[in-house]
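Take a look at the structure set out below.
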Amino acid sequence: MSEANWYVVHTYSGYENKVKANINKTIENRHLEEQILEVRVPMQDVVEMKNGAKKQVQKKMFPGYVLIHMVMNDDTWYVVRNTRGVTGFVGPGSKPVPLTEAEMRPLGIQTENVTVDFAEGDTVIVIGGIWKDTVGVIQSMNHNKQSVTINVDLFGRETPVEINFSEIRRM
């Protein structure tokens, strides 16, 4: 399998979150979770003055652009390129160019992998987030997304839940 890189996609202005939602829905429907790993609309905190009062709001860092962490192949290119609201990848002609490490650093997106001491079948306890103090058995691991899937008891049923590596600890 090829290595995943970050790519920049140009969208209609104001459609960034809609494009993100559409791509995430397509990933789920076509089971491309292993190829399209993450879709981001980078935001930054800005202080605005309105009616004499300071107010902190979040603004898009790059209006009209969405970042996608994905393995570039014909399928993923087609899915992203043909998403409603997408005008194309950033790069010369039809060849998308991945972002370099130097370009990624100011965006605050870490690309290093975390080494973990648990594996599929291990029992873990959730130490953060909404599932805090929940115990579960790891069903699957996704090292690219830095997450595991565990089954939790929800309304009397076993339900798979995805949790970040940083929010679990081995029992």
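I'd like the carbon and sulfur percentage of the solvent accessible area for the chain, probe radius 1.4 Å, heavy atoms only, ligands and nucleic acids excluded.
Looking at the chain in its full context, I get 48 percent from C and S.
Using a 10 angstrom Cβ neighbour count of at most 16 plus a DSSP loop assignment to flag exposed chymotrypsin sites (Phe, Trp or Tyr not before Pro), which longest range of the chain is free of such sites?
13-117
Determine which aspartates and glutamates satisfy two conditions relative to K60: a Cα distance under 13 Å, and not lying fewer than 8 residues away in the same chain.
E16, D45
Just to be sure I understand: if I project the alpha-carbon convex hull of the chain onto a plane and average over all orientations, what area do I get in nm²?
13.4
Can you tell me the accessible area per residue over the stretch 41-171, all protein chains present, probe 1.4 angstrom, in square angstrom?
66
Between the stretch 128-171 and the stretch 1-66, what is the separation of their alpha carbon centroids in Å?
25
Against the longest principal axis of the chain, how steep is helix 16-30, in degrees 0 to 90 to the nearest 10, with axes from Cα atoms?
That works out to roughly 50 degrees.
Go through the stretch 62-168 and name the trypsin sites (Lys or Arg not before Pro) that are in a DSSP coil and have 12 or fewer other Cβ atoms within 10 Å of their Cβ.
Those that pass, being in a loop and sparsely packed, are R84, K132.
Can you compute the helix-only [θ] at 222 nm over the chain? Use -39500 (n - 2.57) per DSSP H run of at least 4 residues, normalise by all residues, nearest 500 deg cm²/dmol.
-4500 deg cm²/dmol
The values are calculated or read from the model by the stated rules, or taken from the named source; none is laboratory data. Just so we're clear, the structure is a prediction, and the values are computed from it rather than from any experiment. Using ideal geometry, Cβ is built from the backbone for each residue, glycine included, and neighbour counts are taken over all protein chains shown. When the accessible area is computed, the model is the full protein with side chains, heavy atoms only, and any ligands, DNA or RNA have been set aside. Shrake-Rupley method; radii C 1.70, N 1.55, O 1.52, S 1.80 Å.
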